[in-house]
Amino acid sequence: QVQLVESGGGLAQAGGSLRLSCAASGRALSDLVMGWFRQAPGREREFVAFRSWKGGNIYYADSLKGRFTISRDIAKGAVYLQMNSLKPEDTAVYYCAAGTIVVDPTKPEEYDYWGQGTQVTVSS
C-alpha cells in the first residue's frame with residue numbers, strides 16, 4: 001500500500017505560481033511511477049505530468065509544457081508540481097497518483113494509488 005497526501009493548493013491570480021506537494025509513504029517507492037492529474041467541475045480527470053521515481057523519465061501534457069514542472073525529493077519521499085504562469089483554466093482539483101506497472105502514464109486507470117486531491121483556483 002502507498003499513501004499519498006497532497007498539499008499546496010489554494011487561490012492564485014492569473015500569472016502567478018503555486019507549488020503542489022505530494023507526500024508518499026508506505027511500501028518502497030523506488031519502483032513507482034508518479035503522476036499528477038487534475039479534474040475541473042463537469043470534466044474528466046486530465047493528465048498533467050508524470051515521472052518515474054528513481055529514473056529520469058518525465059513527461060508532460062503538451063498543453064502544459066513550459067509552465068509546469070514535476071520533480072521529486074527521494075530523501076523526503078515527496079513529489080512536487082511547480083505551476084507557473086497560471087491561467088483561470090488551470091482551476092481544478094489536482095491529484096497525485098502512483099502506479100507500479102504503468103504502460104500509458106497519461107491514463108488515470110493505469111495508477112493504483114491516489115491522494116485526496118488539493119483545490120487550485122486561479123482568478124482572472
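The values are calculated or read from the model by the stated rules, or taken from the named source; none is laboratory data. Keep in mind the model is a prediction, meaning the values are calculated, not measured. We place every Cβ from the backbone using ideal geometry, glycine too, and count neighbours over all the protein chains shown. What goes into the accessible areas is simple: the full protein's heavy atoms, side chains included, and nothing from ligands, DNA or RNA. Shrake-Rupley method; radii C 1.70, N 1.55, O 1.52, S 1.80 Å.
Determine, yes or no, whether Tyr113 is over 28 Å from Gly15 (Cβ atoms), modelled with pLDDT of 95 or more and either in contact with a strand residue (DSSP E or B) (Cβ under 8 Å, 6 or more places away or on another chain) or of a type in the set (A, V, I, L, M, F, W, C) (or both).
yes
Sort out which residues of the stretch 78-124 are in contact (Cβ under 8 Å) with a residue 24 or more places away in the chain and among the aliphatic types (A, V, I, L, M), and write them in order of number.
Residues satisfying the conditions are Ala78, Val79, Leu81, Met83, Leu86, Ala92, Val93, Ala97, Ala98, Val102, Val120, Val122.
Filter the stretch 85-111 for residues that are in a loop (DSSP other than H, G, I, E, B) and over 14 Å from the mean Cα position of the chain (by Cα); which is surrounded by the most Cβ atoms within 10 Å (Cβ to Cβ)? Before the answer, list the steps.
Applying the first criterion (in a loop (DSSP other than H, G, I, E, B)) to the stretch 85-111 yields 85-87, 91, 100-107, 111.
From what is left, the residues that are over 14 Å from the mean Cα position of the chain (by Cα) are 85-87, 100-104.
Numbers: Ser85: 12, Leu86: 21, Lys87: 12, Thr100: 13, Ile101: 8, Val102: 19, Val103: 7, Asp104: 9.
Only one residue tops the list, namely Leu86.
Looking at this structure, is Arg72 open to solvent by 60 Å² or more (accessible area, probe 1.4 Å), free of Cβ contacts under 8 Å to residues at least 60 places away in the same chain and of a type in the set (Lys, Arg)?
Yes; evaluated as a whole, the condition is true for this residue.
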